[in-house]
Each structure stands twice: as C-alpha cells, then as structure tokens.
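K.L.:
The following block contains the structure, expressed as structure tokens.
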Amino acid sequence: MNMAIERKGFHGAKLALFVGDKLAVILRDDKPNIPSPNHWDMPGGGREGCETPLECVLRETYEELNIHVDPAAVAWGKRFPYLDGDRWFFVAYVDEAVANTIRLGDEGQTWGLKSPEEYAGLPNNIVRFSDRLKMYLSGIDGDFFERPPAR
C-alpha cells in the first residue's frame with residue numbers, strides 16, 4: 001500500500017513590498033477567528049480560482065493597500081511547500097512616492113512603513129515572513145525570479 005501523501009497545488013502568496021527602503025506592512029484585525037490576529041503582516045492571501053502565485057499576490061496587494069504593483073517591480077519569489085498547498089513569498093520595489101497613494105482596504109487595523117530590522121523587532125510580527133525576507137536579503141536564489149543588482 002502506498003502511504004505517500006500527495007501535496008496539493010498552490011495555496012497563497014505574500015509580498016514584501018519595499019516602498020522606497022521601507023516595507024509596507026499591515027496590522028491584522030484583532031479577531032480570534034483569523035490567523036495571526038493583531039500581528040503585523042505583509043500584503044497577500046489565498047488563491048482565488050486559477051490564479052498564478054504572482055496574480056494572487058498582486059490582486060491581494062491591491063485589495064489590502066489599494067495600489068497596483070507592476071509585475072515588473074517584482075524582483076524575487078520563492079516557493080515554500082506545504083501539504084495543503086504551496087505558499088509563495090515575493091519581494092517587490094516601488095518608488096517611495098507610492099506611500100502617498102496607499103489606502104487600507106477592508107481588512108486590517110492600520111498600515112505602516114517599517115525597515116526590515118524594525119519589522120523583525122516587532123513583538124507581534126509574523127516570524128516566518130521576517131525569516132523569508134531575511135532569506136531574500138541574504139542573497140539566496142529564488143525559484144521564480146533572481147535577486148536584482150544591489151540598489
């Protein structure tokens with residue numbers, strides 16, 4: 001009897017969005033029925049329909065922060081396998097002027113701009129996303145995009 005567990009396909013995606021040299025982060029709602037309530041999160045979420053990981057994270061970023069991120073602004077992506085479906089983590093860069101156009105969607109308490117170090121130091125950050133950002137910053141190759149030259 002084959003006891004192998006079959007992994008499902010893609011589940012969701014997150015985006016470390018650099019607005020200038022700071023990350024755009026969202027303080028999640030403080031509701032007990034959601035994952036990581038009252039934690040600082042990055043834009044992203046679950047797949048809808050037949051979206052690709054990149055389509056998913058760009059749609060979620062628009063829904064959560066009301067900005068359209070050009071796919072060409074995405075510099076790196078890495079797949080993280082889970083039994084219930086892979087998760088993707090992307091990194092994108094936009095001009096700091098974009099901060100003036102960000103508007104919180106219908107999820108989250110507030111948003112802010114934090115350096116990677118500030119985000120990692122928050123007592124209520126989501127550690128796996130901080131760790132994934134550290135992977136990118138360390139120069140680890142992505143699965144989808146390569147790291148751009150240093151800015």
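K.L.:
Give the residues of the stretch 54-85 that are in contact (Cβ under 8 Å) with a residue 60 or more places away in the chain, open to solvent by less than 70 Å² (accessible area, probe 1.4 Å) and not hydrophobic (A, V, I, L, M, F, W, C), sorted by residue number. Don't jump to the end; show me each part of the working.
P.N.:
We begin by selecting, within the stretch 54-85, every residue in contact (Cβ under 8 Å) with a residue 60 or more places away in the chain; these are 54, 74-79, 81-85.
In the following step, the residues that additionally are open to solvent by less than 70 Å² (accessible area, probe 1.4 Å) were identified as 54, 74-78, 85.
Scanning the stretch 54-85 gives Gly77, Lys78, Gly85.
K.L.:
Which residue is surrounded by the most Cβ atoms within 10 Å (Cβ to Cβ), if the candidates are limited to the stretch 86-109 and must be of a type in the set (D, E, K, R) and under 21 Å from Met135 (Cα atoms)? Before the answer, list the steps.
P.N.:
Just the residues of the stretch 86-109 that are of a type in the set (D, E, K, R), to begin with: 86-87, 95-96, 103, 106-107.
Going one step further and asking which of them are under 21 Å from Met135 (Cα atoms), we end up with 86-87.
Values: Asp86: 19, Arg87: 21.
Filtering the stretch 86-109 for residues that are of a type in the set (D, E, K, R) and under 21 Å from Met135 (Cα atoms), the one surrounded by the most Cβ atoms within 10 Å (Cβ to Cβ) comes out as Arg87.
K.L.:
For the stretch 21-41, give me each residue that is surrounded by 13 or more Cβ atoms within 10 Å (Cβ to Cβ) and closer than 16 Å to Ala73 by Cα.
P.N.:
Result: Lys22, Leu23, Ala24.
K.L.:
Here's a follow-up. Test each condition in (1) over 25 Å from Phe144 (Cα atoms); (2) open to solvent by less than 30 Å² (accessible area, probe 1.4 Å); (3) hydrophobic (A, V, I, L, M, F, W, C) for Ile126 and report the one that comes out false.
P.N.:
Every listed condition holds for Ile126 apart from (1).
K.L.:
Oh, and also: Among the numbered conditions (1) out of contact with any Cys (no Cβ under 8 Å at 6 or more places or on another chain); (2) open to solvent by less than 40 Å² (accessible area, probe 1.4 Å); (3) modelled with pLDDT of 95 or more; (4) not hydrophobic (A, V, I, L, M, F, W, C), tell me where Glu51 comes up short.
P.N.:
Unmet condition: (3).
K.L.:
Among the residues in the stretch 21-32, are any among the β-branched types (Val, Ile, Thr), touching a helix residue (DSSP H, G or I) at 6+ places or on another chain (Cβ under 9 Å), in a strand (DSSP E or B) and closer than 24 Å to Gly142 by Cβ? Give the derivation first.
P.N.:
Taking the stretch 21-32 as the starting set, the residues that turn out to be among the β-branched types (Val, Ile, Thr) are 25-26.
Narrowing the set further to residues that are touching a helix residue (DSSP H, G or I) at 6+ places or on another chain (Cβ under 9 Å) leaves 25-26.
Checking the rest, the ones that are also in a strand (DSSP E or B) come to 25-26.
From what's left, closer than 24 Å to Gly142 by Cβ: 25-26.
Within the stretch 21-32, one or more residues are among the β-branched types (Val, Ile, Thr), touching a helix residue (DSSP H, G or I) at 6+ places or on another chain (Cβ under 9 Å), in a strand (DSSP E or B) and closer than 24 Å to Gly142 by Cβ.
K.L.:
Then there's this: Taking Val94 as the residue in question, decide whether it is free of Cβ contacts under 8 Å to residues at least 12 places away in the same chain and under 24 Å from Gly46 (Cα atoms). Even if it seems obvious, please write down each step before you answer.
P.N.:
Values: free of Cβ contacts under 8 Å to residues at least 12 places away in the same chain: no; under 24 Å from Gly46 (Cα atoms): yes.
In short, no.
K.L.:
Does Asn66 meet the test of being over 15 Å from Phe144 (Cβ atoms) and in contact with a strand residue (DSSP E or B) (Cβ under 9 Å, 6 or more places away or on another chain)? Before you say what the answer is, go through the steps one by one.
P.N.:
Values: over 15 Å from Phe144 (Cβ atoms): yes; in contact with a strand residue (DSSP E or B) (Cβ under 9 Å, 6 or more places away or on another chain): no.
It is false that Asn66 is over 15 Å from Phe144 (Cβ atoms) and in contact with a strand residue (DSSP E or B) (Cβ under 9 Å, 6 or more places away or on another chain).
The values are calculated or read from the model by the stated rules, or taken from the named source; none is laboratory data. Since this is a predicted model, take the numbers as computed values, not measurements. Note: ideal-geometry Cβ built from the backbone for every residue, glycine included; neighbour counts use all protein chains shown. Note: accessible area is taken over every heavy atom of the protein model, side chains too, but ligands, DNA and RNA are not part of it. Shrake-Rupley method; radii C 1.70, N 1.55, O 1.52, S 1.80 Å.
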